[in-house]
Amino acid sequence: MAAKPVLTISSKNYGAWALRGWLMCKLAGLDFAEKVIPPDDPAMKAEMLLLSSSMRVPSLQHGDVMVWDTLAIGEYLHEIKPKAGLLPADIGSRAHCRAICGEMHSGFGSMRGALPMNIKAHFPGFKIWSRAQADIDRIVQIWLECLQAYDGPFLFGRQPCMADAMYAPVVTRFITYDVALDKLCAGYAKRIAELPAMQEWVAAAKLEPDEIDELDAEF
């Protein structure tokens, strides 16, 4: 029997990229094992604090194939599990999905710096500075455009896809920092938070020890 694919991840409380890769694997229906690198590991801390030269977690080992960039993991999962619907079937919708995934992958640095992912924390009435608010406004615009264009309840229609996985850590940030949303976006955020896989992730995050104060500055 072939060994299970192995997804290497970091902290579930702080690891936004880890959540994205993990959720993609769950949405694809991949039967995988987890390898968790402790967040106090020096190499892992360097990656999570953006001090390393490259981000190589999460990474997926599938037989002889090793994939580490989160977008690359999503594209690979789409190739091996095409019926899972990680990318839309329509070419135009698929291009749109890739575009907003790419925007999340490379953008929103001000929001990441000001509102680091920290699932266990909660800051009611958190004051958001203007540059971070501009990022939040753009994310809300993306959500509204997708929910209206594809009729929801997820960004590209009836089932969660790669785009929903890419924006899932943002949902946790909005909860942590008490970000006010319009009714449509609040409903979308609630649906993401209620996904069984998300609830599984959050439950595990809440069991992590509170040891790494520096990670409150993680993007």
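Some values worked out for this structure:
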{"item": "Among residues of the stretch 153-186, those that are among the small types (Gly, Ala, Ser) and in a helix (DSSP H, G or I), counted", "result": "4"}
{"item": "Single residue of the stretch 165-194 satisfying the filter (acidic (Asp, Glu) and under 21 Å from Lys120 (Cα atoms)) that is surrounded by the fewest Cβ atoms within 10 Å (Cβ to Cβ)", "result": "Glu194"}
{"item": "So Ile73, is it of a type outside the set (Phe, Trp, Tyr), at pLDDT below 95 and in contact with a helix residue (DSSP H, G or I) (Cβ under 7 Å, 6 or more places away or on another chain)", "result": "no"}
{"item": "Scope the stretch 17-46; condition crowded, with 22+ Cβ neighbours inside 10 Å, in contact with a Ser or Thr (Cβ under 9 Å, 6 or more places away or on another chain) and modelled with pLDDT of 90 or more; matching residues", "result": "Trp17, Ala18, Leu19, Arg20, Gly21, Met24"}
{"item": "Qualifying residue in the stretch 121-129 (condition: part of a helix (DSSP H, G or I) and either more than 13 Å from the chain's Cα centre (by Cα) or surrounded by 12 or more Cβ atoms within 10 Å (Cβ to Cβ) (or both))", "result": "no"}
{"item": "Breaking point among (1) at pLDDT below 95; (2) closer than 24 Å to Trp201 by Cβ, for Gly125", "result": "(2)"}
{"item": "Residue in the stretch 173-182 that is among the acidic types (Asp, Glu) and touching a residue at least 12 places away in the same chain (Cβ under 8 Å) present", "result": "yes"}
{"item": "Qualifying residue in the stretch 105-120 (condition: loosely packed, with under 13 Cβ neighbours inside 10 Å, out of contact with any Leu (no Cβ under 6 Å at 6 or more places or on another chain), at pLDDT 95 or above and within 21 Å of Trp22 (Cα to Cα))", "result": "no"}
{"item": "Every pair of residues 6+ apart whose Cβ atoms lie under 6 Å, when the first sits in the stretch 131-150 and is assigned by TED's automatic domain parsing to the domain that holds Val179 and over 15 Å from Leu184 (Cα atoms) while the second is of a type in the set (Ser, Thr, Tyr) and assigned to a helix (DSSP H, G or I)", "result": "Arg131/Ser110; Ala132/Ser110; Asp135/Ser110"}
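The values are calculated or read from the model by the stated rules, or taken from the named source; none is laboratory data. Worth saying up front: this structure is predicted, and the values here are computed from it rather than measured. Because the Cβ atoms are built from the backbone with ideal geometry, glycine has one as well, and the counts that use them run over all protein chains shown.
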